[in-house]
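Structure record follows, encoded as structure tokens.
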Amino acid sequence: MLEKNYSGFVLETGTDEAGRGCLAGPVTAAAIILPADFENQTLNDSKQLSEKTRALLKPILEKEALCFAVTHLFPEEIDEINILNASMKGMQECILKLKHTPEYIIVDGNRALNAKLGLKNTFGKQFSATEIELLKSIPNQSIIKGDAKYLSIAAASVLAKTYRDEYMDQIHEEFPMYNWKQNKGYPTKEHREAIKEFGPTKYHRMSFRLLPEQLTLDFFE
């Protein structure tokens, strides 16, 4: 059974991301504050749940959460600041969007949430000095495999995954030959074969190795 709280603070938020290893589409972050009496026997790390189960959990989490936020960071920004920084920035943006300011933050992984605050980049949100100070002021703890240990991180992982999957289903309609509805942008053999045949799209991450071998790719508009 997943634990309810790490810090002892009432307004503890869990945060996580989805899509870090994908070749196309955004990296999507989520943050959520659950009520102290929240219980759910099904909730777990999103990677351990079926698509159907995640879809059932999504409205429950949205309804019962004290507050939640979801953020997409798109390929242009990923390519500019790198996927690790983009993942962290997405979670930072979610914290700033929450209706309640967290008293404590727990984040899946091994990197502090407030690392590299205020990156100056061309694409995406620019943090103000006030926002940077707010993020710095909230204590946070990174927890390896936290999405399999704490309810709030697991909940954030489900929201990040479901919102990202919905986005990939939408852009699948624009470029069905890549079958993003099925592979969600991950580096499957089918996805890479489609990149090899049709070239990359505006949704592909050009800083990633899209093909195992070094080939010249034509850009698909």
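The values are calculated or read from the model by the stated rules, or taken from the named source; none is laboratory data. Computed from a prediction, not measured in an experiment: that's the story for all the values here. Here the Cβ is made from the backbone with ideal geometry for all residues, glycine too, and neighbour counts use every protein chain on show. Protein only, heavy atoms only, side chains kept; ligands, DNA and RNA dropped before computing areas. Shrake-Rupley method; radii C 1.70, N 1.55, O 1.52, S 1.80 Å.
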Failed criterion for Arg164 (all others in (1) open to solvent by 10 Å² or more (accessible area, probe 1.4 Å); (2) among the basic types (Lys, Arg); (3) under 29 Å from Val10 (Cα atoms) hold): (1)
Looking at Lys120, Lys89 in this structure, which one is among the basic types (Lys, Arg) and not in a loop (DSSP other than H, G, I, E, B)? Lys89
Please identify the pairs in which a residue from the range 56-71 that is within 14 Å of Ser157 (Cβ to Cβ) and basic (Lys, Arg) has its Cβ atom under 7 Å from the Cβ atom of a residue that is at pLDDT 95 or above and in a helix (DSSP H, G or I), counting only partners at least 6 apart or on another chain. Lys58/Val158; Lys58/Leu159; Lys58/Thr162
Among helices (runs of 4 or more DSSP H) completely within the range 151-216, the ones holding 3 or more residues that are under 20 Å from the mean Cα position of the chain (by Cα) are 151-172, 180-183
Where the second residue is charged (D, E, K, R) and open to solvent by 80 Å² or more (accessible area, probe 1.4 Å) and the first is within 19 Å of Met1 (Cβ to Cβ) and assigned to a strand (DSSP E or B) and lies in the range 136-149, which pairs have Cβ atoms under 8 Å and are six or more apart or on separate chains? Ile143/Lys149
Out of curiosity, is Leu2 open to solvent by 40 Å² or more (accessible area, probe 1.4 Å) and farther than 14 Å from Leu73 by Cβ? no
Tell me whether the range 140-150 contains one or more residues that are among the aliphatic types (A, V, I, L, M), more than 30 Å from Glu39 (Cα to Cα) and surrounded by fewer than 21 Cβ atoms within 10 Å (Cβ to Cβ). no
